[in-house]
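Chemist: Handing you this structure, nothing more for now.
The values are calculated or read from the model by the stated rules, or taken from the named source; none is laboratory data. Please read all numbers here as calculations on a predicted model, not as lab measurements. Here the Cβ positions follow ideal geometry from the backbone for every residue, glycine too, while neighbour counts run over all protein chains shown.
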Ligand code: SF4
């Protein structure tokens with residue numbers, strides 16, 4: 001099976017053996033026989049994320065699109081919160097007049113649950129098309145209509161010939177998977193089926209080979225992995241070695257997504273996000289791919305650029321650029337190094353971003369003392385061992401958790417890092433405990449490539465020098481949990497078939 005044949009998207013538990021619950025040490029990842037497979041569970045869970053949320057976040061970026069959430073009204077309410085971020089993205093892309101994204105809900109109630117919601121969905125699609133004339137319409141099927149047996153694909157096939165607007169659909173019922181990252185696959189599935197496979201013009205034909213002397217064109221997949229500044233950095237680097245770039249599908253439209261079938265190479269910026277789409281372009285259009293690294297930190301950026309250049313015999317040009325850029329970046333961060341030396345960092349983010357950012361911090365002379373990843377799959381495995389090796393075997397605790405702040409704060413109290421680096425909602429927990437914090441990703445910051453290397457160093461030093469706000473916050477807010485919880489093993493509620501999780505304090509020693 002693959003993206004083209006899949007009618008519904010398989011959960012990542014099945015497709016890439018991803019897991020959401022594990023507590024142990026970095027050196028153990030990839031070694032224990034049955035680590036983190038489907039049988040890992042929590043006896044108590046404080047938080048979670050439905051796959052609908054990342055799917056909605058991705059699909060709302062398509063310009064002038066309308067998203068119809070088919071289900072109870074609560075399912076789509078996150079669409080409101082996403083308007084701020086989508087507008088900011090548009091602003092950074094030079095589009096100050098961008099409107100709020102359009103989202104609708106079929107608002108199913110008790111009566112619909114008895115009588116079915118197909119007719120309501122059909123009417124909603126036709127009304128949205130008539131009133132708003134969007135460039136595309138996306139229907140997202142949630143738990144309720146799937147439980148009552150609404151035939152989403154049947155409705156789509158009935159309505160498609162009645163309207164000119166491309167119609168995309170996605171099955172993103174939260175009950176189908178615990179691995180929220182499946183939502184990225186669902187978003188790709190919707191775009192590929194709606195804009196390519198089931199498009200009125202049919203899939204574009206494969207392009208003929210490149211003519212001699214023609215510059216190669218590379219797809220750089222951005223599915224929420226980068227803000228505009230990072231796109232600029234990626235484009236700068238690839239253009240400098242003679243490669244043209246097509247960045248999508250976020251903020252792309254039908255034409256751009258169809259254009260991506262004509263590239264000479266597909267490059268991932270985050271394997272966790274991209275592999276489903278990369279595989280489609282490879283299988284259906286024969287486009288080779290690079291799906292290994294994230295260009296964060298000097299070593300990873302070097303590997304990433306060389307992997308791409310190798311496809312076009314441009315290694316010499318890439319090496320010359322790397323030498324020049326590395327020298328400039330090293331010189332630029334020189335003044336920050338004394339303040340960063342031996343600083344103990346705790347990371348929290350999606351797995352791939354967390355592990356490669358760990359490499360960047362080590363290049364700046366810092367030590368990784370803990371890592372919380374939102375899920376685990378095979379793409380990240382080798383990077384844990386690399387982090388341990390780079391600090392001469394000094395191990396650290398790893399928490400694989402779909403958020404679960406009670407595990408995080410327990411770990412932080414034990415590990416006591418000098419700096420916490422996570423997404424903004426993680427940082428709030430660390431800030432309450434008084435630790436200096438920096439955000440691991442914001443859409444207006446440079447994070448990738450050489451600009452990113454410099455900016456992260458600068459940001460870390462600034463926050464280490466002045467974190468009075470977090471200190472005062474910790475003195476003036478109550479702890480979120482009873483003190484007894486901090487005496488317990490942070491991984492107490494993780495149930496697994498694997499050998500029992502190692503005590504995090506032993507792992508950190
Ligand atoms: S889990 Fe189901 S009901 Fe809950 S928000 Fe997700 S799709 Fe809606």
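Chemist: Can you name the condition, by its number, that residue 149 falls short on among (1) over 26 Å from residue 441 (Cα atoms); (2) part of a loop (DSSP other than H, G, I, E, B); (3) in contact with a helix residue (DSSP H, G or I) (Cβ under 7 Å, 6 or more places away or on another chain); (4) within 16 Å of the ligand (Cβ to nearest atom)?
Modeler: (3)
Chemist: Do we find that residue 144 is surrounded by fewer than 24 Cβ atoms within 10 Å (Cβ to Cβ) and touching a strand residue (DSSP E or B) at 6+ places or on another chain (Cβ under 6 Å) in this structure?
Modeler: Values: surrounded by fewer than 24 Cβ atoms within 10 Å (Cβ to Cβ): yes; touching a strand residue (DSSP E or B) at 6+ places or on another chain (Cβ under 6 Å): no.
Judged against the criteria, residue 144 is not a match.
Chemist: So which of 385, 320, 329 ends up being assigned to a helix (DSSP H, G or I) and crowded, with 17+ Cβ neighbours inside 10 Å?
Modeler: Being assigned to a helix (DSSP H, G or I) and crowded, with 17+ Cβ neighbours inside 10 Å holds for just one of 385, 320, 329, which is 329.
Chemist: Check off (1) assigned to a helix (DSSP H, G or I); (2) within 28 Å of the chain's Cα centre (by Cα) for residue 203 and give me the number that stays unchecked.
Modeler: Just one mismatch for residue 203, condition (1).
Chemist: Just to be sure I understand, how many residues within the stretch 406-431 are in contact with a helix residue (DSSP H, G or I) (Cβ under 8 Å, 6 or more places away or on another chain) and at pLDDT below 95?
Modeler: Residues that pass the stated criteria total 1.
Chemist: Count, please, the residues in the stretch 153-168 that happen to be surrounded by 21 or more Cβ atoms within 10 Å (Cβ to Cβ) and more than 17 Å from residue 197 (Cα to Cα).
Modeler: 1
Chemist: Hey, among the residues in the stretch 160-175 that are in a helix (DSSP H, G or I) and farther than 15 Å from residue 190 by Cβ, which one's nearest to the ligand (Cβ to nearest atom)?
Modeler: Looking at the filtered set, the residue picked out is 174.
Chemist: Which members of the stretch 69-113 meet the condition of being within 16 Å of the ligand (Cβ to nearest atom) and part of a loop (DSSP other than H, G, I, E, B)?
Modeler: 71, 72, 77, 106, 107, 108, 109
Chemist: Just one of (1) closer than 27 Å to residue 233 by Cβ; (2) in a strand (DSSP E or B) trips up residue 57, so point out which.
Modeler: (2)
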